[in-house]
Structure formats: structure tokens, C-alpha cells
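Read-outs throughout are calculated quantities, based only on the coordinates presented, and are distinct from any laboratory measurement. Since we're looking at a predicted model, the values are computed, not measured. No Cβ is skipped: glycine too gets one built from the backbone with ideal geometry, and neighbour counts run over all protein chains shown.
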Amino acid sequence: MASHYPSVATRSIINNPITIDLRSDTVTQPDQSMREVMAGARVGDDVYGDDPNVNALEHETADLLGKQAGLFLPSGTMSNLTSVLAHCQRGEEVLVGDKYHISCDEAAGAAVLGSVAMHALQTDEFGRFNLEQVEAAIKPNDYHCPITRLLCLENTVGGCVQEQSHIDALVDCAKSHGLATHMDGARLLNAAVAQNLPPARLVESIDTVSLCLSKGLGVPLGSVLLGPSIVIERARRLRKMLGGGMRQAGIIAAAGRYALQHNIGRLAQDHQRTQELATALDGVQGLNFDRARVQTNMLFLQSPQMPALASYLAKRGIAITAIGESARIVLHMQIDNAALQQVVEAIQGFFERK
Ligand SMILES: Cc1ncc(COP(=O)(O)O)c(C=O)c1O
């Protein structure tokens, strides 16, 4: 779902050093063990296919998600863009949720760089659109229309896990109309852990998947695009074209491999702490949120006093993403129980002030 980046005004109030950063799980930093793995990583020139850690990461993520091949990219945005360009030609069209990252947080890259049109489908508060919307949006074979080529899904959406039977039904529908399918799985592993399902099950029927390493897994940067070998080979050329061919990228890939081994299971702790935060804030006068949407590591708050709350927290070293009366709080590996307790006390303290 469209992330809520802090406005310039909100950023400017964060002039105290941030000690507890709840703006996103992208702020996580590599821990000491990950840094040691990075420092000792064997590397090679990945544009020549020589980097052992990149090659291993691509194989290991492909295995994890049950796909034939993988491609390591610098960011989730480039991974999504590369996939859309690999699936679609000029004048073709993508169906995508109106609040999904591809639709509103990637600077219209597919339109600008690929002449690919986006048809945004309205999503509900859980990030869903339905089969009827997909059916209605697929264009007829009529030369007045673009050719509908690809359905893009996202999981999780704004922290909400997408129901698997619903995803499967959407994919079946897309395939029955000859569409390819792509999953923005920036936080797919949160969805897998929350449902206690193997990650491959979540994307079984989907053609390509973009998996971010730099969100809750704690890697400094990087995403892997997974899919059929033939699509990934096309994507490899596109990655070079977009300037994403990296050289000794194994330093980062080694961190990614480390995270896949050590940091997936611990996402459950972030989910548990998010529930604890929701419980602690439930009933606070002046603060609202939809408990049903608290499913993984995100909490979306509403309050007429939000700007003042954000400023109050910032003065105490706690950063949240606040826009108008809304705010997003994201829990991650750097928020332990002590930090959580400070956050609860600060928010409760703000609303209890006389
Ligand atoms: C759902 C989703 N997809 C894709 C991305 C893009 O990832 P990156 O910031 O690595 O480009 C993000 C980033 O926050 C995201 O939240």
C-alpha cells in the first residue's frame, strides 16, 4: 500500500536525535553478526555472473518461493519496474490496486520508461479488490483499447495479509483471460509468518514475485525478483538497461543470505509487539484505529491532535510518519520490549496531559 512519507513539515520537527524510529521497517540497520558476514563475503563481478554470494542468493530465494530463477536488484522499486517491463510491451496495460506501491509510490516508472498504462482498481480498507473489478477492467479485443497484459497484486498491503483463497481466485481469473501475474511481495514474508504458511504457497500460482530484503529482514538494501527462467532472463537485460547491474554486490547479497537464514522467524516478534501496542492504545481517548487492520507489523492511527502528537513524540526521540490527522507506526527488529514500553508511555502520556 502507498506508504505515507513524512511531509517536509513533519520531517523538520524531527530535529531531536531519533532513538526509536517507527516510520518504517526500512530504517533497520544491519546488526553486528550481519556486518561480520558482509565484511568477510567473497565477491566477484556480478555483471559477469561471477559473484558467488549473488548467485547463491538468487538460487536460495528462488527455492524459498518455489520459482525457477531469481535476479538480485538494488531496490523493490526497480524490481517491480523490471518485472512490469519484462511482462508488458509499449501500449499494454497493467491492472493494479489503487493504493499499491506500484500504482502510487514508484513515480509512474512503468508509464514513463515503458509506455505501459496503469489501470488502478479501487481497494477497500484491507487492500483488496475483487474478481468483478478485474473482469470489468480487462479490455475487449478492440483497437480503441490498450491490451490488458498483467495483474499486479501486493501482500501485505498496509500491513494487512491478503487472504490466500482470494489471491488464488484473482490469479485464476487473470490467467483465464491470458494475463500474466506479478506479486509485489515487499513484505511477503510477514504474510507467510502471520499465516504460518510456507512462503512458496503464497505465490504458487503467480508468475513473478518481488521480494524485498531491506524491510523487516534488516538488510541495508536489495530485492530479488523471482519467476520463470525465461522472464528472469528478459529482466536481466532490463536491469542492465535501467542501470541496476551491480559489480561486487556480494557484500549485500551475503547480508541477504544471512537474513534469510536468521531473520524470517523473528518477524513474529514484530507482529506480537504490534498487537501489544494496539492493546495498550485501545481505548485511549482522542485516538482511533481499526483493530481488524492490525495484522502484522503496522498500526495506522487517527487523531485530530496528530500533528501535536508527532511533535511531542519527536521531542522524545520517537519518530512516526504523520500526515494530517493520520499516522503510521511500523515495528521492526530494532524495536525491543523496552522501546515498545517507551512508545506506549509517551503516547498515553500525551493524551493524559491536562
Ligand atoms: C509495498 C512496497 N513495495 C515496494 C517498495 C519499494 O521498495 P524500495 O524502497 O526498495 O524501492 C516498498 C517500499 O517501502 C513497499 O512498501
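Under a GNM of the chain (C-alpha, springs under 10 Å), which listed residue has the highest mean-square fluctuation: Ala278, Ala235, Ala253? Result for the chain, Cα springs under 10 Å: Ala278 fluctuates most. Can you work out the FRET efficiency for the pair Gln68 and Lys175, with r the C-beta to C-beta distance and R0 = 22 Å, to the nearest 0.05? Working from the Cβ atoms, E equals 0.80.
The packing ranking of peptides 80-87, 186-193, 224-231, 158-165, highest mean first, is 80-87, 186-193, 224-231, 158-165, where packing means the average number of other beta carbon atoms within 10 angstrom of each residue. Looking at the square roots a ≥ b ≥ c of the eigenvalues of the Cα gyration tensor of segment 271-354, which shape do they give, rounded for a/c under 1.5, prolate if a/b is larger than b/c, or oblate? Verdict is rounded for segment 271-354. The lysines whose alpha-carbon is closer than 28 Å to the alpha-carbon of Lys315, local same-chain residues fewer than 8 away aside, are Lys215, Lys354. Per-residue Karplus couplings for segment 229-242, computed as 6.51 cos²θ - 1.76 cosθ + 1.60 with θ equal to phi - 60°, are listed in order as 3, 5, 6, 5, 5, 4, 5, 5, 5, 5, 4, 5, 4, 7 Hz, Gly and Pro entered as x. Here the label points at Gln272 and Gln341, each 7 Å from Cα along the C-beta direction, are separated by 1.6 nm in the simple model. Comparing Arg236, Arg23, Arg266 in a Gaussian network model of the chain, where Cα atoms under 10 Å apart are tied by springs, the biggest mean-square fluctuation is seen for Arg266.
Straight-line reach from Lys139: taking Cα to Cα under 16 Å and skipping same-chain neighbours fewer than 8 places apart, the lysines in range are Lys175. Taking Cα atoms only, the orientation of helix 267-281 departs from the longest principal axis of the chain by about 40 degrees.
DSSP beta bridges confined to segment 32-262 are antiparallel in about 35 percent of cases. For the chain, the normalised intensity computed at q = 0.09, 0.13 Å⁻¹ comes to -0.50, -1.02 (log10 of I(q)/I(0), Debye sum over alpha carbons, equal scatterers, no solvent). When each of Asp50, Asp336, Asp142, Asp270 is scored by the number of other beta-carbon atoms lying within 10 Å, the sequence from fewest to most is Asp142, Asp336, Asp50, Asp270. Label-to-label distance, Ser75 versus Ser33, with points set 7 angstrom from Cα along the beta-carbon direction: 3.0 nm. Here the spin labels are modelled as points 7 Å beyond Cα on the Cα-Cβ line, and at Ser326 and Gln164 they lie 3.0 nm apart. Applied to segment 181-195, the Karplus parametrisation 6.51 cos²θ - 1.76 cosθ + 1.60 on θ = phi - 60° returns per-residue 3J(HN,Hα) values of 10, 10, 10, 7, x, 3, 10, 4, 5, 4, 5, 5, 5, 4, 9 Hz, with x for Gly and Pro.
Once the Cα-Cα distance is subtracted from the 0.36 nm per residue extended length, the Arg247 to Arg201 segment shows a gain of 13.3 nm.
Between the beta carbons of Asp45 and Ala308, assuming R0 = 41 Å, the FRET efficiency works out to 0.20 to the nearest 0.05.
Working from Cα pairs under 8 Å separated by at least six residues, relative contact order for the chain is 27 percent. As a length-normalised measure over Cα pairs under 8 Å and 6 or more apart, the relative contact order of segment 84-158 settles at 42 percent.
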